[in-house]
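Peer 1: First, the structure itself, so that you have it in front of you.
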Amino acid sequence: MKNALSICIYIFLFSISALAQQKDIAGLDRDTITNYSTYKRSIGFAGLLQTRALASLSKDVDVNGKNFDASSPSKITNTFLLKRARLQVKGTVNDHFSANLMVNFAEFNANPINKVLENAYIKYSLGRHFNLQAGQFRPFFGIEDALPVDIIRTLDYSNQYYAFGASGWQSFQVGVSVFGDLTKEDNLPVRYYAGIYNGNNRNQLTDNDNSKNVYGRLETSPTKDITIGINAASGSFGAGTGSAWGSDLLGRIILAEKWKLLLGGEYKTGTNFVLFNTYTTKPELSMVKMRGFYIFPILRYEYKRPRVRAIEFSTRYEYFDENYKLDSNPRQTIIPNLTFIFADDFYAALQGGVSIDLYKTDIPLTTTYARNLGYLQLQIRF
């Protein structure tokens, strides 16, 4: 009798447990979320401080790379410089909506008009296959746009990055973009990036014409250590329609237990709108073209000491010609660099090296002049 009573109690409790776990006719748990207003809501802050000491190592050349007359008043050949003082805020509304805001307070060192504000966009994430962002952001037009803005592994971005950014092909622009994975998780990864934007650079009240820039990028990783990308774009800068395209490669080779070789390279060509607008007698827009490439090998030693996490030796070589069809005068830049990384993921790093610029033809009293610039740079992420 006692055993029978125990069995009945057990069956009763089991039935209650099963009832509590029962699903409704729609196949959903009874405690399914019915309001996603604050689901995963959060706010995060990050920043970057980057300060430098610069010294011109070339006679009669200032720290900005401009040649000056030796008989003229003294020019600045060495200086301390605050290059970046970025603050980034990311606010997550729920699992689909978020916003990103980033400002660079170092822009107040000079004329801040159309500067300071960098990222300012809203992002909608449906899943790994579809993400949308709208506002001011960097179009994914090359690996320098795809990498985090607060990780700079040498003196600065490439010359082509700044030139293509000035002509509206990359850097911070205002518009809409979509990106995500084209393939399933277990297949060869193929990612897409596409968008439409004004193309007249950041912090502008409106577009400067009724045309819009459109761009697209495809990226694949045949192995986990190799990424290959191609880019194409079409657009205007208030002066007709131009185009740009490029390709890039990122790779990693494990040499030994603590040694890695990181490889990066990129080629781009496109319409140079900024240069075209300087002509008083306008040539054909299709003739005002820029092109360039760079290779960027980094030899990394994983030191893994408590206070020094890694040491990187790198030399970036870049070839860039801002007007190769009409008035070719290519610029070659070589930047040997040594980096001590004091905190993982570049949260604290000290860099030193020399930026060597060579032109096919030097133009006196301009920045188109061969020079060497020594630098020591400290950067902190937080």
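Peer 1: Using the count of nearby Cβ atoms within 10 Å as a rough guide to exposure, how do Thr206, Thr79, Thr92 rank from fewest to most? Intermediate results must be reported in sequence, preceding the final value.
Peer 2: Values: Thr206 8, Thr79 13, Thr92 18.
Listing Thr206, Thr79, Thr92 from fewest to most nearby Cβ atoms yields Thr206, Thr79, Thr92.
Peer 1: If packing is taken as the average number of other Cβ atoms within 10 Å across a peptide's residues, how do 266-279, 245-258 rank, most packed first? Walk me through the numbers on the way to the answer.
Peer 2: Details: 266-279: 20.0, 245-258: 14.8.
Highest-to-lowest ranking by the protection proxy: 266-279, 245-258.
Peer 1: Also, I was wondering about something else. For each pair in Lys260/Lys360; Lys115/Lys212; Lys212/Lys268; Lys40/Lys304; Lys66/Lys325; Lys115/Lys268, compute the distance between the two Cα atoms and list the pairs where it is over 28 Å.
Peer 2: On the way: Lys260/Lys360 35 Å; Lys115/Lys212 21 Å; Lys212/Lys268 20 Å; Lys40/Lys304 35 Å; Lys66/Lys325 25 Å; Lys115/Lys268 25 Å.
Violating the 28 Å limit, Cα to Cα: Lys260/Lys360; Lys40/Lys304.
Peer 1: Now for a different question. Which value does Rg/Rh take for the range 38-381 over its C-alpha atoms, Rh per Kirkwood? Don't skip to the end; give the middle numbers.
Peer 2: Numbers: Rg = 20.9 Å, Rh = 21.7 Å.
Taking Rh as the inverse mean 1/r over Cα pairs, Rg/Rh reads 0.96.
Peer 1: Any idea what the relative contact order of the chain is, in percent, if you count C-alpha pairs under 8 Å spaced at least 6 apart?
Peer 2: Details: 914 pairs, mean separation 50.9, N = 382.
It rounds to 13 percent for the chain.
Peer 1: Could you please report the charge total around Ser74, scoring K, R as +1 and D, E as -1 over all other residues with beta-carbon less than 13 angstrom from its beta-carbon? Kindly include the intermediate steps, with their values, before the conclusion.
Peer 2: Values: positive: Lys75; negative: Asp60, Asp62, Asp69.
Around Ser74, the charge tally is -2.
Peer 1: Cβ under 12 Å from Tyr121's Cβ, Tyr121 left aside: what net charge do those residues give with Lys, Arg +1 and Asp, Glu -1?
Peer 2: Working: positive: Lys90, Lys123, Arg138, Arg202; negative: Glu118.
Taking every other residue near Tyr121 into account, the sum is +3.
Peer 1: Straight distance only, please: which aspartates and glutamates reach the Cα of Lys224 with their own Cα at less than 17 Å, same-chain residues fewer than 8 apart left out?
Peer 2: Hits, sequence-local ones excluded: Asp181, Glu185, Asp186, Asp248.
Peer 1: Now for a different question. Counting only Cα atoms, I'd like the Rg/Rh figure for the range 202-338, Kirkwood definition for Rh.
Peer 2: Details: Rg = 19.6 Å, Rh = 17.9 Å.
Looking at the range 202-338, the ratio lands at 1.10.
Peer 1: Just to confirm my numbers, what's the Cα centroid distance between the range 319-382 and the range 61-129 in Å?
Peer 2: Between the Cα centres of the range 319-382 and the range 61-129 lies a distance of 18 Å.
Peer 1: Test of understanding: what is the full-extension gain from Ile226 to Asn329, defined as 0.36 nm times their sequence separation minus their Cα-Cα distance? Spell out each step's value before the answer.
Peer 2: Details: separation 103, 0.36 × 103 = 37.08 nm, distance 3.33 nm.
Full extension of this stretch gives 33.8 nm more.
Peer 1: Continuing with this model, one more query. With an 8 Å cut-off on Cα pairs and a minimum separation of 6 or more residues, tell me the relative contact order of the range 99-233 in percent. The partial results should precede the final answer.
Peer 2: Working: 265 pairs, mean separation 27.3, N = 135.
Contact order relative to length: 20 percent.
Peer 1: On alpha carbon coordinates alone, what is the Rg over Rh value for the range 333-382, Rh being the Kirkwood radius? Kindly include the intermediate steps, with their values, before the conclusion.
Peer 2: Values: Rg = 15.0 Å, Rh = 12.7 Å.
Ratio of gyration radius to Kirkwood radius: 1.18.
Peer 1: Here's something else I'd like to know. Please report, in debye to the nearest 20, how large the charge dipole of the chain is about its Cα centre when each Lys and Arg carries +1 at its beta carbon and each Asp and Glu carries -1 there.
Peer 2: Rounded to the nearest 20 debye, it is 760 debye.
All of the numbers you see were taken from the coordinates with simple rules; none came from a lab. Everything quoted here is computed from the prediction, not taken from an experiment. Quick reminder, even Gly has a Cβ in these numbers, built from the backbone with ideal geometry, and neighbours come from all protein chains shown.
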